[in-house]
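Data block below; observations after.
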Amino acid sequence: MTATVITRKWHTTAEVAEMLGYGLSKTKMLVLTGEIRSIKDGRNRRILPRWVDEYVERLAKEAEQRWSA
């Protein structure tokens with residue numbers, strides 16, 4: 001018998017908040033302002049893992065630019 005591993009395709013806002021170590025309110029604000037991309041799925045927001053990575057990379061790049069200036 002083989003086990004099937006199902007990887008999640010989407011994250012909720014609450015899951016992203018936990019991943020980033022942010023509060024839910026801050027994460028919702030980042031989503032509403034477009035800092036973190038998301039889509040509306042019914043009444044919920046869904047966020048692709050790569051969109052979280054893009055946000056983190058952008059923050060890191062901005063920090064590097066500030067430190068190298």
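Where a number appears in this text, it was derived from the coordinates with a stated rule and is not lab data. This structure is a prediction, so every number in the text was calculated from the model and none was measured. All Cβ positions, glycine included, derive from the backbone under ideal geometry; neighbour counts span all protein chains shown.
Here are the numbers for the structure shown:
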quantity	calculated
The lone exception for residue 34 - which of (1) surrounded by fewer than 10 Cβ atoms within 10 Å (Cβ to Cβ); (2) under 12 Å from the mean Cα position of the chain (by Cα); (3) at negative phi it fails	(3)
Sole exception among (1) surrounded by 10 or more Cβ atoms within 10 Å (Cβ to Cβ); (2) of a type in the set (D, E, K, R); (3) over 12 Å from residue 10 (Cβ atoms) for residue 41, by number	(3)
